[in-house]
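Everything below concerns the one structure shown next.
The values are calculated or read from the model by the stated rules, or taken from the named source; none is laboratory data. A quick note: this is a predicted structure, and the numbers were derived from the prediction, not measured. A quick note on method: Cβ atoms are made from the backbone with ideal geometry, for glycine too, and the neighbour counts reach across all protein chains shown.
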Amino acid sequence: MTVAAGLGYALIALGPALSIFVSVIAKKPFLVLTLLSSTLFWLVSLILLSGAWRAFLPIKSSALWTYVIVIVTSVSFQEGVRLVFWKLYKKLEEMLNAFADRTSKPRLFLTDKMQIGLAGGLGHGVAHAVFFCLSLLTPAFGGATYYVERCSHMPFFLISAIISLAFLLMHTFSMVIAFNGYAESRKSDQLFVPIIHMVAAIMTLINLAPGGCAIGVPLLCISAAVTLQYCWMMVCRRLREN
Amino acid sequence: MDQTLVSDASFSSSPILETLGEEILRILYPVSFCMFLVVLLVSALISSDNSSMSFSSIASIAYSESSSDSFWSKLSGAFLNSLLFIAVITILTFFLVLLFYLRCTPCLKSYMAFSSFVVLSFLGGEISLLLLSRFVVPIDAFSFLLLLFNFSVVGTLSVFLAKAPISLTQGYLVIIGVLVAYWFTLLPEWTTWALLISMALYDLAAVLLPVGPLRLLVELAISRDEEIPALVYEARPVDTQASGRRLWRERRNFEGNPGSVSDTLRHENLTPQTTMTITVEASDEDSASTELVAPLVSQQPRRQEIEAVEGIGLGSSGAIKLGLGDFIFYSVLVGRAALYDFMTVYACYLAIVAGLGVTLLLLAFYRKALPALPVSIAFGVLFYVLTRELLEVFVVQCSVNLLISGERKRAR
């Protein structure tokens, strides 16, 4: 609608990420580098995914099953890539600890590890928000707005911003949960992350039904809140144990 | 056991996560800021249907592109353009090496002053005029000329006077980079991409081949213990606290020169430098400029004085220098990506940052002058093509999926 509206939509999607960045990540240069590498990593995974699906797009039929397959394969691929990310992080942790030993500084604390996990997750969330919401926002800076048929309650940009916000929060904190789950080998943590990701992704299919976004979008926000709550409980437990 | 002892006493020594990677970030922020400004300028000033304005420059004398040409004629014309440009750059760089060899520093200094003044006043003036007319800012001609003149003179002085405040120099270098990069994005599309790829290859050849002009320049400078005469962005730390922490490792004789206050302040502000740069500061030799391309050099202190950190390559405590030509061509790539869509901008930005990171890692590994263009430009071009072809379709499909497409054809 105007520059103000465009900025508003961008901030809805990325505001919490910006505040996490300024309060936690900007203070430690290493976390900024982790954030950038993580964003790049997930961008590469998105490109690979889109490369694999390129031959089948654009989906001409509006049949439900094609979208289900797209979503299920995308989520499973991303969860698999998360395991690769974890392996890379383990190597990085060894190198960092070796460096700390060499320069006679303390090894990585638990909070340090969690912060690296947070930065990695924020990279994932930012990659999702930027490529699924921010890059489509360019028309919003102009003089008009856009409504989609099936969801005429709110402009397209607002809905996409809210969905990206939910996914950003979900991705950011599920990385912390996942790292903790792999480090402690707790099955409940390890399984929680893929399940909530899959559930949230499937819930977006509700948006396909007419007027469904009135149900789908709040459900997505609820799942983001569930992730936040789970992460909070897990972090409290770990910190109390230490 | 030692672990707990160390962690109990850890309050005196900071954890590694606090300071690791700081030097890289000090180069990354100005590069990102330069790219951001160019993207802003491009999106504010250039509209997509600009083909009526024929932009002739040295980079398009052989072939001026028009959108109606065939694919092959565009491709061949673009490469012809870039070859001519590279030829001109090579001749000029060899000429500059010759001047440096003959110790003709007044020539180099005056050329540098002239070029930065021209860029700041003429290019800066032209772009400010475009901005003023775009945003309808009321200002009269005399005030504008006065401001512009002051701006360019201060910029010229700060860029090659060694005594200027570091932030001012860095700021003006970034502005010069932004202005030249914007100018380059005005070139037609195929020529721009061909130019970027050719410049990356030229950089690779000029720095790594034994006969390359930039390698000759670096070797001459090292053998004479002089600073390379170029427009180079040096990422010195701006806050004294950080440099104070590093200084104890340095063992240099930094008895503050009981000369002027600015001298001692200067020395306190330095990160561990090699003798190369210290002699430069002492002898007050101004750095002149050459063509825009300069290799990426890391000034490393001597080996026995730093703890080697080969495993990560992030802890090198030298001040990283990045040539202004690298700033310019990174921003040209991102600016050209901005002319297509913002998704390509984000992808290309990440690609360039990744390339810069890889180059810095290689720098920490090899510890000699390396070309900063090839890796980043290669990643940038690759990601641009991939995003444009693959990602965009996927993302648009998915977002449209998340919210029901309005384009679904229904029988009405």
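Laid out as a table, the results:
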read-out: Condition met for residue A:13 (in contact with a helix residue (DSSP H, G or I) (Cβ under 6 Å, 6 or more places away or on another chain) and more than 19 Å from residue B:391 (Cα to Cα)); value: yes
read-out: So residue A:198, is it more than 21 Å from residue A:72 (Cα to Cα), modelled with pLDDT of 85 or more and surrounded by 14 or more Cβ atoms within 10 Å (Cβ to Cβ); value: no
read-out: Selected residue (only one of A:164, A:74 is surrounded by 20 or more Cβ atoms within 10 Å (Cβ to Cβ), within 13 Å of residue A:13 (Cβ to Cβ) and in contact (Cβ under 8 Å) with a residue 60 or more places away in the chain); value: A:164
read-out: Candidates A:135, A:174, filtered to the one that is surrounded by fewer than 24 Cβ atoms within 10 Å (Cβ to Cβ) and part of a helix (DSSP H, G or I); value: A:135
read-out: Residue within segment A:142-152 that is over 17 Å from residue A:79 (Cβ atoms) and basic (Lys, Arg) present; value: yes
read-out: Any hit, segment A:26-47, residues being out of contact with any Leu (no Cβ under 6 Å at 6 or more places or on another chain), over 27 Å from residue A:206 (Cβ atoms) and exposed (fewer than 15 other Cβ atoms within 10 Å of the Cβ); value: yes
read-out: Hits in segment B:5-49 (condition: closer than 19 Å to residue B:338 by Cβ, modelled with pLDDT under 85 and surrounded by fewer than 13 Cβ atoms within 10 Å (Cβ to Cβ)); value: B:47, B:48, B:49
read-out: Which listed residue, of B:127, B:139, is surrounded by fewer than 21 Cβ atoms within 10 Å (Cβ to Cβ) and closer than 30 Å to residue B:74 by Cα; value: B:127
read-out: Filter result (loosely packed, with under 15 Cβ neighbours inside 10 Å and in a helix (DSSP H, G or I)) within segment B:203-219; value: B:219
read-out: Members of segment A:102-153 that are over 26 Å from residue A:34 (Cα atoms) and more than 10 Å from chain B (Cβ to nearest Cβ); value: A:139, A:140, A:142, A:143, A:144, A:145, A:153
